[in-house]
Every structure is written in C-alpha cells, then in structure tokens.
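**Student:** Okay, handing you the structure first.
Nothing in this text is a laboratory measurement; each read-out follows from the coordinates by a stated rule. Just so you know, these numbers come straight off a predicted model, no measurement behind them. Here the Cβ positions follow ideal geometry from the backbone for every residue, glycine too, while neighbour counts run over all protein chains shown.
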Amino acid sequence: MFDLTKTPPTFRPATLADIPALHALVESAYRGDTARLGWTHEADLLGGQRTDPESLTEIIDDPDQRILLALDGSDIIGCVQIARKEHGTSYLGLLSVDPRRQATGLGKQLITAAERAAATHFGAHAIEMTVIKQRTELIDYYHRRGSSPPGRSAARRVGQECRSRWSPYH
C-alpha cells in the first residue's frame, strides 16, 4: 500500500503527453472491476467509459481548465480537474485516485491542491462539484471535509480564499 507519510506525492498540471496514462487512471477509478478495489466508484451505477482521450485533450487545451496530477515518481496516481466558472466560482471534477491507493489521504490532498489552484489561477473563492446522489459515501466524505450543498453556508475554506460546495444530481 502507498504510504503518503514516507513518499509524499508531487503535483503538476497534466500535459497532452499524459493522456494515455491519465485516461487509464480515470477509467480504473470509476468503472469496471478495478474500480471495485477502492472505497468509492461508479462501477455498479453506470456503465461505459467515464471519459475519453478526446475530452481530456479538450480540457488540457482549454485555458479556462486544468487537470492537476498527483505523481509517485513518474507514475500518475491521482488527478483532479478544475474549470473557471462565473462570479469567482470554479468547478471541480474528475477527482480520481488509483483504487489501490485510496483511503491514504491522497484524495484530500488533490482537493486541497485544486482549491488552491482555482484560487490562484482563476481567482475562485468557491468551488462547485456535482455528485451522483446515490453515492452517499462520497457525499458523506465531502460533508466531513466541510463542503455543503448549494444554498447552505460552506465552512470549507482555503486561507479564506476558496470553499467547496457540491450539487447532487439524479
């Protein structure tokens, strides 16, 4: 098992050269039997691909979006997407952690990195995300981190710069 206390991950923006490994990571975290190794996945709720290389290329090429990677050496072990929205808000998506490395704190580190990057690069003071309402374990996780549904006060802050709130959907 990966131990974040011994080998802290490094973080950097994704490039086009990362797309094959990035796509494999996202699919392994969300779909299929590999996803079931982790504590949270969509494998039993949704079929098909989570994303595709073309969509990842569009995100990376868009100046109003970024995908941040978590690396163990040169291995991509996690990622998160941020996108500029209106009125000082950014969107957080594609939060993915290698299923064998989940429950190590890496997801928390990725969210923190995303909040900071959104504040720094997009001037965001709030981050929104969408969560499938059937993923109650994930909604509970975001609650524990201090995030709140829209319309409620969100306690999660990064140096008074950024907070997270989630939007459940059907």
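**Student:** Within the range 99-133, report the trypsin sites (Lys or Arg not before Pro) that DSSP leaves as loop and that have at most 13 other Cβ atoms within 10 Å. List each step's numbers first, then the result.
**Tutor:** Working: sites: Arg100, Arg101, Lys108, Arg116, Lys133; in loops: Lys133.
Sites meeting the loop and neighbour criteria: Lys133.
**Student:** Further, regarding this structure: Points 7 angstrom from Cα along the Cβ direction at Asp61 and Ala21: gap in nanometres?
**Tutor:** The modelled label-to-label distance comes out at 2.3 nm.
**Student:** Enumerate the amide H contacts of Ala70 below 5 Å, restricted to partners 5 or more residues apart or on another chain; note that Pro and chain-start residues carry no placed amide H.
**Tutor:** For Ala70, whose amide H was placed from the backbone, the distant partners under 5 Å are Ile77, Gly78, Cys79.
**Student:** Shifting gears a bit: Any idea what diffusion coefficient the range 50-118 gets from Stokes-Einstein, in µm²/s, Kirkwood Rh on alpha carbon pairs, 37 °C, 0.692 mPa s?
**Tutor:** Details: Rh = 12.6 Å.
D = 260 µm²/s.
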